[in-house]
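The values are calculated or read from the model by the stated rules, or taken from the named source; none is laboratory data. Bear in mind the structure is a predicted one, so any value in this text is a computation, not a measurement. Methodologically, a virtual Cβ is constructed for each residue, glycine included, from the backbone with ideal geometry; neighbour enumeration extends over all protein chains shown.
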Amino acid sequence: MVGGATPDRLSPAMPTTFPQTIASTTGESIAPISTLSAAPRPTRRYYGDRIYRWLLTCLAMTLPLLLVTIVAELLVSAWPSIHKFGFSFIWTSVWDPVGEVYGAAPMIFGTLVSSLLALVIAVPLSLGVAIFLTEFAPKWLRQPVAFLVELLAAIPSVVYGLWGIYVLIPLLRDYAAPPIRALLGWTPLFSGVFYGNSMLAGGIILAIMIVPYIAAISREVLLAVPATQREAALGLGATRWEAVWGAVLPYGRAGIIGAVMLGLGRALGETMAVTMVIGNRHDIALSLFQPGYTMAAAIANEFSEATSTMYISALFEVGLVLFVITIGVNAFARLLVWRVARGTAVGSKAL
Amino acid sequence: MTKHLTVAVLAIGAITAVSTPGAAQTKITGAGSTFSTILYTDWMQTYNKAHADVQLNYQSIGSGGGIRQFSDKTVDFGASDAPMTDSAMAAIQGNVLHIPTEMGGVPPTYNIPGVTAQLKFSGPVLAGIFLGTITKWNDARIAADNPGVKLPDQDIVVVHRSDGSGTSFIFTDYLSKVSPDWASKVGKGTAVNWPVGLGAKGSEGVSATVQQTPGAVGYVELGYALANHLPVGAVKNKAGKFITASAATVTAAAAGAMKDMGPTTDFRVSITNADGPEAYPISSFTWMLVHKNYDDAAKAKAIVAYTWWALTAGQVRAEPLGYAPLPKAMRPWLEARLKTITAGGQAVWSGPAGR
């Protein structure tokens, strides 16, 4: 677009081609930027810039490349098992290393159920902690409690497992299971005898492990909610609880869902603590009192002693399935957060 | 700055050049069974003190990993709780010898509230418990083996190993021999499709779960049971006696099995349910896997010398660590087997005198 003629779709005030338009509006002649004389740049800095940019690009590319190599390795090593079992691997319940028949259904079921149970327990708990810390706690209590909650994340997984074996399971067996059985023993969810190592213990341990993640991020999200939201609700006559539930939480829902998904991702991949309390049984059972198995626990347990090629390949396929499920959950989480974030301000830009 | 850097680099280079030992050091690496780790590392440290020119290294990555690395020749010898299968041996053109180095026993351990006496188990009863056909402690079949013991009306909670292990292999091998039901439904292996029970990781997991769960029964390695003073049961052997696992009774099992083995045995034998009045029925060898033919003669010589030391002088170190030594009567057979190891076609060892 040369000269002063501006197209109809643009407002006359908006220059289309700099600097010709300026020249036409001001009447002066200004040379285009490219011919403006500047001090010639030193040659060394110019190459340095290029090298710097190229280096950063390489570093940034290594991570996606790493992901690709992991997927490739999983696929290649799992191929014998994929070829032999096909899709029946996902719904077969038999795991027989002697007869060389492998099916991952109990492990997939166990992973999903234990993670879901962990979420059911952890989300109300973490949200409660976050809301307490931002809304109701006295100022002197906030930092210590927040610190203690975040300290839970620093405890190694194996220590959780040991605590589970020696403290949680006896506690559940002696004090929690009898009343639950008496009240709800007729439901399929709590039927059967409780021996200790069970899906319930696994879910509870996972819940304790993911609480710090969800709580810390939720707290940050709630802190970022502008005070005006709360004050507006209170000004309209809402109670403290109504203000939080109706004005503060919905404002931060995108961030909170992101936090929950982070916790879920952690729960799906957790290995050591789960394998020590879940009972390690290749079985699908509806009752939470029955032992179960998870994919990560199975791989950790059986990989070092797996001798035959098909056995190793089957374990790799379990790893591949776990990888796919984790990717799927993460993709779903992204989608969910994006949909929920439309209409809120907190966190929507970052996500 | 650059001058200082050059001086520093030269100094480091000089120190490393000087510190390399003048005498040629033979490095021998092994990998495999976690069950034998304690004994093998003890052997290697002791041997290295007496023979500074041989450096030994052992990685306990599991029998499966040991067999794999041995077959790939990444390590010089492997260690396994289960013998290599025919197909695995065929994959390396049969270039392997199984040398038994020590023995392990697997006693059953249990936790029954109110029962302090030692329980006796016969083979079919043990199989029934682990198959899930015997579900209560006061079952008539268990009571028949334990006259005079008041058994409670308590559910049996079976605990087995969730990780693959040689201990499971020995135990399931025994159960396959005493129960045709077990042999057809489950079979033997380092990892099997357990019909019932909870899985616990490692012997420590099994023992922790058994001790925490009233009515539980599981199986652990002998050394582990002794070190942790776990209540163990006596098992009925082939001769009909109820035997408690100990180093002596486990060694007696090998002595009893030697009749069936013969001097030309390849030692890939299972000695569970062996003959002999004092033999403990759930016993097994653990093997060191060495090549029949090595490429490096010096290394082969060093390996054979170390192995012979382990099979003779090293055996006294087995019992204090919770393993059972090999019967002395096996030594001539082992000596003859070691003499067959060659490097480049030449035998590397002519016997104990000619080291």
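Brief remarks follow.
- Any hit, the stretch B:264-273, residues being assigned to a loop (DSSP other than H, G, I, E, B), farther than 30 Å from B:LEU97 by Cβ, at pLDDT 90 or above and touching a strand residue (DSSP E or B) at 6+ places or on another chain (Cβ under 9 Å): no
- Hey, A:ALA285 within 14 Å of chain B (Cβ to nearest Cβ) and touching a strand residue (DSSP E or B) at 6+ places or on another chain (Cβ under 6 Å) or not: no
- Of the residues making up the stretch B:73-88, those that are more than 12 Å from every other protein chain (Cβ to nearest Cβ) and modelled with pLDDT of 90 or more number 6.
- Residue that is farthest from B:HIS98 (Cα to Cα), among those in the stretch B:24-75 that are small (Gly, Ala, Ser) and surrounded by fewer than 23 Cβ atoms within 10 Å (Cβ to Cβ): B:ALA24
- In summary, B:LYS177 fulfils each of the numbered conditions (1) assigned to a loop (DSSP other than H, G, I, E, B); (2) over 30 Å from A:ALA296 (Cβ atoms) with the single exception of condition (1).
- B:THR135 meets all of the listed conditions (1) away from chain A (no Cβ under 14 Å); (2) surrounded by fewer than 22 Cβ atoms within 10 Å (Cβ to Cβ); (3) β-branched (Val, Ile, Thr) but one, namely (1).
- Residue in the stretch A:88-102 that is assigned to a helix (DSSP H, G or I), more than 19 Å from A:ILE205 (Cβ to Cβ) and either within 18 Å of the chain's Cα centre (by Cα) or hydroxyl-bearing (Ser, Thr, Tyr) (or both) present: yes
- Residue in the stretch B:311-331 that is farther than 27 Å from B:ALA245 by Cβ, buried (at least 18 other Cβ atoms within 10 Å of the Cβ), out of contact with any Phe, Trp or Tyr (no Cβ under 9 Å at 6 or more places or on another chain) and in contact (Cβ under 8 Å) with a residue 12 or more places away in the chain present: no
- Residues of the stretch A:311-339 classified as within 14 Å of chain B (Cβ to nearest Cβ) and either touching a strand residue (DSSP E or B) at 6+ places or on another chain (Cβ under 7 Å) or surrounded by fewer than 20 Cβ atoms within 10 Å (Cβ to Cβ) (or both), total: 2
- Flag for A:ALA300 being at pLDDT below 90 and either over 30 Å from A:PHE190 (Cα atoms) or within 14 Å of another protein chain (Cβ to nearest Cβ) (or both): no
- B:GLY164 satisfies every condition listed in (1) in a loop (DSSP other than H, G, I, E, B); (2) away from chain A (no Cβ under 14 Å); (3) among the small types (Gly, Ala, Ser) except (2).
- Failed item, numbered, when A:GLY246 is tested on (1) surrounded by fewer than 24 Cβ atoms within 10 Å (Cβ to Cβ); (2) closer than 24 Å to A:VAL329 by Cβ: (2)
- Only one of the listed residues (A:ALA207, A:ALA201, A:ALA232) is at pLDDT below 95 and out of contact with any Pro (no Cβ under 7 Å at 6 or more places or on another chain). That residue is A:ALA232.
- Filter pass, B:SER184 being within 14 Å of chain A (Cβ to nearest Cβ) and more than 23 Å from the chain's Cα centre (by Cα): yes
- Residue match in the stretch B:274-282 (condition: aliphatic (A, V, I, L, M), within 14 Å of chain A (Cβ to nearest Cβ) and touching a residue at least 12 places away in the same chain (Cβ under 8 Å)): no
- Residue count, the stretch B:187-211 (criterion: at the interface with another protein chain (Cβ under 9 Å from one of its Cβ atoms) and either crowded, with 21+ Cβ neighbours inside 10 Å or free of Cβ contacts under 8 Å to residues at least 40 places away in the same chain (or both)): 16
- Among all positions in the stretch B:310-330, there is no residue which is over 20 Å from the mean Cα position of the chain (by Cα), in a helix (DSSP H, G or I) and of a type outside the set (Val, Ile, Thr).
- Residue in the stretch A:211-229 that is of a type in the set (A, V, I, L, M), within 25 Å of A:THR326 (Cα to Cα), within 14 Å of chain B (Cβ to nearest Cβ) and buried (at least 24 other Cβ atoms within 10 Å of the Cβ) present: no
- Condition check for B:GLY105: within 19 Å of the chain's Cα centre (by Cα) and at pLDDT 90 or above: yes
- Residue in the stretch A:115-127 that is of a type outside the set (A, V, I, L, M, F, W, C), on the phi < 0 side of the Ramachandran plot, at pLDDT below 95 and loosely packed, with under 15 Cβ neighbours inside 10 Å present: no
- B:LEU226 being surrounded by 24 or more Cβ atoms within 10 Å (Cβ to Cβ) and of a type in the set (A, V, I, L, M): no
- Residues that are surrounded by fewer than 22 Cβ atoms within 10 Å (Cβ to Cβ) and in contact with a Pro (Cβ under 8 Å, 6 or more places away or on another chain), drawn from the stretch B:231-246: B:GLY233, B:LYS236, B:LYS238, B:ALA239, B:LYS241, B:THR244
- Among residues of the stretch A:103-119, those that are within 14 Å of A:ILE312 (Cα to Cα) and either touching a residue at least 40 places away in the same chain (Cβ under 8 Å) or under 26 Å from the mean Cα position of the chain (by Cα) (or both), counted: 1
- A:GLU270 surrounded by 22 or more Cβ atoms within 10 Å (Cβ to Cβ) and either in contact with a Lys or Arg (Cβ under 7 Å, 6 or more places away or on another chain) or more than 14 Å from every other protein chain (Cβ to nearest Cβ) (or both): yes
- Of residues in the stretch A:273-310 being among the hydroxyl-bearing types (Ser, Thr, Tyr) and within 26 Å of the chain's Cα centre (by Cα), the one surrounded by the most Cβ atoms within 10 Å (Cβ to Cβ): A:THR294
- The set of residues in the stretch B:54-72 that are within 12 Å of chain A (Cβ to nearest Cβ) and among the charged types (D, E, K, R) contains only B:ARG68.
- Among (1) at the interface with chain A (Cβ under 8 Å from one of its Cβ atoms); (2) at pLDDT 90 or above; (3) touching a Ser or Thr at 6+ places or on another chain (Cβ under 9 Å) - the single one B:LYS177 does not satisfy: (1)
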